[in-house]
Amino acid sequence: MNTTEARDKLTAELERLDHEAEQEARDQAEQRDSDELAGGMDFGDRGSRAAEAMENDLSRGTLRMQRAQVVAALERIDAGEYGRCAVCGKEIDDERLEVRPETDRCRDHADTASPSRPDHVRRVDT
């Protein structure tokens, strides 16, 4: 994949992630306002809100991780290092970059942990 196409895809993904994060923040603010207007909550409501808060934290963390990967890919483009595996240095195939333009790993090293993705947070790559 050429770097112009990669930059376009990554920039669009960054905009999508930022929009999603903004929407989540608005939704959470609306939920807090709604809870305050409703007055007191019973035990079940508090449990539901605690579960929702944990899910929201996880979602925000996932968005931050994805955003960091996209920003790092854009930085690799700027540095002239885009499209090379961070582990072995081989060129990452175009098919993989089409599906995962933010990746810094070839197929052989897709499961290799990186500083931004510890061993316990692996995901399935194409």
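Read-outs: derived from the displayed coordinates by stated rules, not from any lab. What you see is a predicted model, and the numbers here were worked out from it, not measured in a lab. Note that each Cβ is placed from the backbone with ideal geometry, even for glycine, and that neighbours are counted across all protein chains shown.
Available extension along the chain between residue 27 and residue 53 is 8.2 nm, counting 0.36 nm per residue and deducting the alpha carbon span.
Under the simplified labelling scheme, the residue 5-residue 65 pair shows an inter-label distance of 2.9 nm, with each label point 7 Å from Cα along Cα→Cβ.
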